[in-house]
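Chemist: I have a structure here, written as structure tokens, and I will follow up with some questions on it.
No value in this document is a laboratory result; all are computed from the given coordinates. Not measured: the values here are computed from a predicted model. Note that we place each Cβ from the backbone using ideal geometry, even for glycine, and neighbour counts take in every protein chain shown.
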Amino acid sequence: MNSNLSDPAFWSRLQFGFTLSYHYLFPQLTMGLAWFLVYWKWRALRTGDEKYNQAARFWAKIFGLNFAVGVVSGIPMEFQFGTNWAGFSRHAGGVIGQTLAMEGMFAFFLESAFVGALIWGERRLGPRYHFMAAAAVAVGSWTSGYFIIVTNAFMQHPVGYQVEANGSLGLTSLNAYLLNPWAWIQFAHNQMAAVVTGSFVVAALGAFYALRGLYPTQARLYLRAGTFTGLIASILVAFPTGDQQAKMVGRHQPVTLAAMEGRFVGGAKAGVAIIGQPNVAARRLDNPIEVPGGLSFLAYGHFGSFVHGLEDYPQDIWPDNIELLYYSFHLMITLGTLFILLMAYANILHWRGRLEKSTLLLWVLMLAFPFPYLANTLGWMTAELGRQPWLLYNLFYTRDGYSKVVSNGNTIFTLIGFVGLYFVLGLLFLFLVGREVSHGPETEEPLASPLAEPSV
Amino acid sequence: MITAWYCIVSFMLIVYVATDGRNFGAGMLHWVVARKPEERRQVVAAIGPLWSWHEVWLVGFGGTLVAIFPRLMAAAFAGYYLALMLILWCLILRGVSLEVGGHINNPLWQQFWDFVFVVSSCLLAILFGAAAGNLGRGVPLDAQGNFSMAFFTDFKTRGYVGLLDWYTVSVAIFAAIMLAAHGATYLALRTEGPVHERSATYAKYLWGAVAPLFLLISAESWVVRPDLFRSGLYDPLCWLGLFVAIVSAITLISGLSTRRETRAFIGSNGILVGVLATGAAAMFPVMLYSTLAPENSLTANAAAASQSALRYAAVWWPVAFVLASTYFVFISRRYSGKVSLKRDTQGFY
């Protein structure tokens, strides 16, 4: 991509980036929340304590709203491989199509068969089967995540393929493709980040109810589950998964690592920038504050290791928007660090029995929930901007992947359509979730006969 | 191998049309078969919990198309760009209207989402119908295997055609009527009371209209693509599809006239499957016919991915299909019988 706004690749990228970033706001909560539901249903089975059932019932409704928006905003993603990225599909469809199809066949059938049972089926299914429905949905959502990560991992680090006689890519080993080492690390990192989102949302609602003085039992449950899981997951996102992810980028995409760090000149004892603004024209980082040797250590395990700079590589394989890549990465890291500190502090207060009395911390927890969404999005922006100018790393350029027959007029029209539609969808979603939150968790019986007993 | 995959891909699309088609049909008839608010909830409850399961067939079809016939996917999806985007938007609106329409027990809220539901269902039936017409008629594929199509050009069926011409428009109308009939048959099976009565009546009238229209569309297709009929004549699969459709029609008629709704619904599904399968068999091996020059047409062989991709997919696809069928058993047990608003409505929460 250059800055030329008449470049069709730019508009297709913008549309895909927008629809995908928007879509992923929903599955990340679904994947994070799913295991909370499983846990609560399991506790309810074991202890018979109704508060766990209440929690599961309440969050299942929020889950359901999320799931619905996730489904409707997800279908365009698959279609856009054909509509906007025909060149890419033609070139690599035989490989990446495998996992796109497997996602539908293995994961979505499972999820969509049981999600209705999870939300509406408590009475009909009984506690044991209802627990199993929750588990099936959780497994389905994580399986779907894995197939998508495998698809992306192939774009980051192609394995198990060969170039066929007609120039397109064929699969030589399904195992190698599915077990791409990049995919394992990326999946672990991404799923932990999804759990962070889920934990922060659960904790935020607990904090909200605690501050309002409503539903004390439920509030305590959410705060405890959210902050405990939140701490574990926030740590796991950074270490070992994030650390390994960065090392892998250093191994397979060194030019990307240099760009993420805004490092133009290579050398030993490379510092890691805490603050600084990349100045690509002057090829330097303005106003840097660095930890000496930090990058060498993080990427290669020794403070003295040599780290390449961008100038060690030809400029035509530099990521095409170094500034945005740099900020995405650095903001993600900053947020991730703050998440660990916040959740650690919350757990210390809980351990000393003062969590629910600390008004300030409850306020912070209540308002913190949007930031994991931001961090997740920034993480994906780092991955995808860092991959440029390649669509398939070192194999296939992004500029060769878009649909040549689709005019800018069409892409811009549909981009506007998606923006408008998704804006309305977002308002609707927030309104309905807000309504659930104001109804609260304790008033509800299992959902089943709403018309006979109007509850509104 | 490629023939088998052509069958599988067609099968997935046909299952999608048969399952989600009844939802489009129910959506089109929503206002006429259900007049009071509780009656409308009944219609929504009859399709509500399953629409996303049905849409997975479309997702599975799309994914399999990328994996097995990437060049078809690339050419067709980019070529049909605006039409597909319209379909996507309608699918979004349809799904949302079903999900959130029942959330709030407020007449204005429900009227609004019922409206969205009806309009998006009508558009979807027409757009999918037009897409089917386009597959039959062909698209202006150039020698490189690309095309890009306007919504309409001169309404003729040769050369640089548009999405809509006299043929595809008539197929779209036919498809909408047929899916409405299918939806009415389904609603008659799953509902009670006045909705049931009206649906059963509409099913009779609509299927009655389908029969002559089917002959008309067949005659039109003869004019537009005589080669399809010439090749279909010697294809046993076409005859099999036609046989299925005829047997299903008899089943449907006997089901409708004796008020055996399960039988009628089986017949209704069978007709859709039979007609679509006949079409798919007649088209093979061409997947995308060129209106510019027949030699530009994209065949299954030319559209397919490498042998290895087909082989690997042949390993996992049957496993996934068996799993999906198990879930289907669960679903059909759980959602069988008449919907009862006491038990099954989407509910307000």
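Chemist: Test of understanding: ordering A:R43, B:R190 by Cβ neighbours within 10 Å, fewest first, what list do you get?
Modeler: Going from sparsest to densest Cβ surroundings: A:R43, B:R190.
Chemist: When you look at the Cβ of every residue in A:115-124, what mean number of other chain Cβ atoms sits within 10 Å?
Modeler: Mean partner shielding for this stretch: 4.
Chemist: Then there's this: What is the protein assembly as shown by shape, rounded, prolate or oblate, if you read a ≥ b ≥ c off the alpha carbon gyration tensor as root eigenvalues and call it rounded for a/c under 1.5, prolate for a/b larger than b/c, and oblate otherwise?
Modeler: Oblate, since a/c reaches 1.5 and b/c is not below a/b.
Chemist: If you don't mind, there's one more thing I want to ask. Per 0.36 nm of contour for each residue apart, how much would the distance between A:L360 and A:F413 grow if the chain were fully extended, relative to their Cα-Cα spacing?
Modeler: 14.5 nm
Chemist: Same structure again: Mind putting a number on the dipole of chain A about its Cα centre? Charges go on the C-beta only, +1 for Lys and Arg and -1 for Asp and Glu, and I need it in Debye to the nearest 20.
Modeler: Value, rounded to 20: 960 debye.
Chemist: First measure r as the distance between the Cβ atoms of B:I246 and A:F18, then evaluate 1/(1 + (r/R0)^6) with R0 = 56 Å and state the FRET efficiency to the nearest 0.05.
Modeler: Once the sixth-power term is evaluated, E becomes 0.70.
Chemist: Under a cut-off of 29 Å between alpha-carbon atoms, report the lysines in cross-link reach of A:K357, not counting same-chain residues fewer than 8 places apart.
Modeler: Counting by Cα, and skipping residues close in sequence, A:K357 has these lysines nearby: A:K41, A:K51, A:K61.
Chemist: Dipole of the range B:176-319, Cα-centred, from +1 at each Lys and Arg C-beta and -1 at each Asp and Glu C-beta, to the nearest 20 debye?
Modeler: Approximately 340 debye in magnitude.
Chemist: Let me ask something else about it. What number, in percent, do you get for the relative contact order of the range B:1-151 if the mean sequence gap of Cα pairs under 8 Å and at least 6 apart is divided by its residue count? Intermediate values should be presented prior to the final figure.
Modeler: Working: 111 pairs, mean separation 46.3, N = 151.
Computed value for the range B:1-151: 31 percent relative contact order.
Chemist: Sticking with this structure for a sec: Can you give the FRET efficiency for B:E197 and B:V329, using 1/(1 + (r/R0)^6), R0 = 45 Å, r = Cβ-Cβ distance, to the nearest 0.05?
Modeler: 0.90
Chemist: In degrees, nearest 10, range 0 to 90: what is the angle between the Cα axis of helix A:50-83 and the longest Cα principal axis of chain A?
Modeler: So the inclination is approximately 30 degrees.
Chemist: Moving to a separate point now. If one takes the longest principal axis of the Cα atoms in chain A, at what angle in degrees, from 0 to 90 and to the nearest 10, does the Cα axis of helix A:181-212 lie?
Modeler: Value to nearest ten degrees: 40.
Chemist: OK, next. For the pair A:R212/B:A143, report the inter-label distance in nm, with labels modelled 7 Å from Cα in the Cβ direction.
Modeler: Spacing of the two 7 Å Cα→Cβ label points: 6.9 nm.
Chemist: Give me the extension gain from A:T337 to A:N279: residue separation times 0.36 nm, minus the current Cα-Cα distance, reported in nm with one decimal. Write down the numbers at each step before the final one.
Modeler: Details: separation 58, 0.36 × 58 = 20.88 nm, distance 2.53 nm.
Taking A:T337 through A:N279 to full extension adds about 18.3 nm, to one decimal.
Chemist: Now for a different question. Per-residue mean of other chain beta-carbon atoms within 10 angstrom of the beta-carbon, peptide B:100-108? Write down the numbers at each step before the final one.
Modeler: Numbers: counts 8, 0, 2, 10, 4, 5, 1, 0, 0.
So the per-residue partner count for this stretch is 3.
Chemist: Hey, another quick one. Between the range A:153-171 and the range A:377-427, what is the C-alpha centre distance in whole Å?
Modeler: 21
Chemist: Considering Cα pairs under 8 angstrom that are at least six residues apart, work out the relative contact order of chain A and quote it in whole percent.
Modeler: 20
Chemist: Sorted by packing (mean other beta-carbon atoms within 10 Å per residue), highest first, where do B:29-35, B:69-75, A:289-295 land?
Modeler: Packing order, densest peptide first, comes out as B:69-75, B:29-35, A:289-295.
Chemist: Check every DSSP H run in chain B and write down those whose alpha carbon atoms cover 30 angstrom or more along the long axis and whose mean Kyte-Doolittle hydropathy is -0.5 or greater. Mind showing how you got there, number by number?
Modeler: On the way: long enough: B:2-33 (45 Å, 1.15); B:107-137 (44 Å, 1.04); B:166-190 (36 Å, 1.29); B:193-224 (45 Å, 0.57); B:236-258 (33 Å, 1.86); B:261-283 (33 Å, 1.02); B:307-334 (40 Å, 0.72).
Span-like helices here: B:2-33, B:107-137, B:166-190, B:193-224, B:236-258, B:261-283, B:307-334.
Chemist: Treating the beta-carbon of each Lys and Arg as +1 and of each Asp and Glu as -1, no other charges, what is the dipole magnitude of the range B:53-197 about its Cα centre, to the nearest 20 debye?
Modeler: 400
Chemist: Tell me, what is the FRET efficiency for A:R435 and A:W351 to the nearest 0.05, using R0 = 25 angstrom and their Cβ-Cβ distance as r?
Modeler: 0.10
Chemist: Modelling each spin label as a point 7 Å along the Cα-to-Cβ direction, I'd like the B:L215/B:F115 distance in nm, to one decimal.
Modeler: 4.2
Chemist: Does the range A:148-230 come out rounded, prolate or oblate, given a ≥ b ≥ c as the square roots of the eigenvalues of its C-alpha gyration tensor, rounded meaning a/c under 1.5 and, failing that, prolate meaning a/b above b/c?
Modeler: prolate
Chemist: Still on this structure, please answer the following. Between the range B:67-140 and the range B:145-198, how many Å separate their Cα centres?
Modeler: So the separation of the two Cα centres works out to 12 Å.
Chemist: Next question. Taking the Cα centre of the protein assembly as shown as the origin and placing charges on Cβ (Lys, Arg +1; Asp, Glu -1), which of B:F229, B:L272, A:G409 is farthest toward the positive end of the dipole?
Modeler: Value: B:L272.
Chemist: May I ask which residue of A:V291, A:L325, A:V201 lies farthest towards the positive end of the charge dipole of chain A, with charges of +1 (Lys, Arg) and -1 (Asp, Glu) on Cβ and the Cα centre as origin?
Modeler: After comparing all options, I get A:V201.
Chemist: Out of the DSSP beta bridges found with both residues in the protein assembly as shown, what percent are antiparallel (nearest 5)?
Modeler: Once the DSSP bridges in the protein assembly as shown are tallied, antiparallel ones form about 90 percent.
Chemist: Moving on to the next point. Ranking request for peptides A:409-422, A:272-285: highest mean number of other beta-carbon atoms within 10 Å first, then the rest in descending order. Don't skip to the end; give the middle numbers.
Modeler: Values: A:409-422: 17.2, A:272-285: 15.5.
Per-residue Cβ counts within 10 Å, averaged per peptide and sorted highest first, yield A:409-422, A:272-285.
Chemist: Between B:R35 and B:S336, 0.36 nm times their residue separation minus their Cα-Cα distance comes to what?
Modeler: So the chain would gain 106.0 nm between B:R35 and B:S336.
Chemist: Rank A:Q191, A:A375, A:L365 by how far each Cα sits towards the positive end of the charge dipole of chain A (+1 on Lys, Arg Cβ; -1 on Asp, Glu Cβ) and give me just the farthest.
Modeler: Sorting the options by dipole projection puts first A:L365.
Chemist: Quick one: grab the alpha carbon gyration tensor of chain B, order the square roots of its eigenvalues as a ≥ b ≥ c, and give me rounded if a/c is under 1.5, else prolate or oblate depending on whether a/b is larger than b/c.
Modeler: The shape class here is prolate.
Chemist: Moving to a separate point now. Average partner chain C-beta neighbours within 10 Å, per residue of B:324-332?
Modeler: 4
Chemist: Something else about it: Lysines near B:K36 by alpha-carbon distance under 18 Å, same-chain residues fewer than 8 away left out - which ones?
Modeler: Once the sequence-local lysines are set aside, what remains near B:K36 is B:K342.
Chemist: Okay, moving on. Can you return the lysines within cross-link range of A:K247? Criterion is Cα-Cα under 28 Å, with same-chain partners fewer than 8 residues away left out.
Modeler: Answer for A:K247, where 28 Å is the Cα cut-off: A:K269, listed by chain and number.
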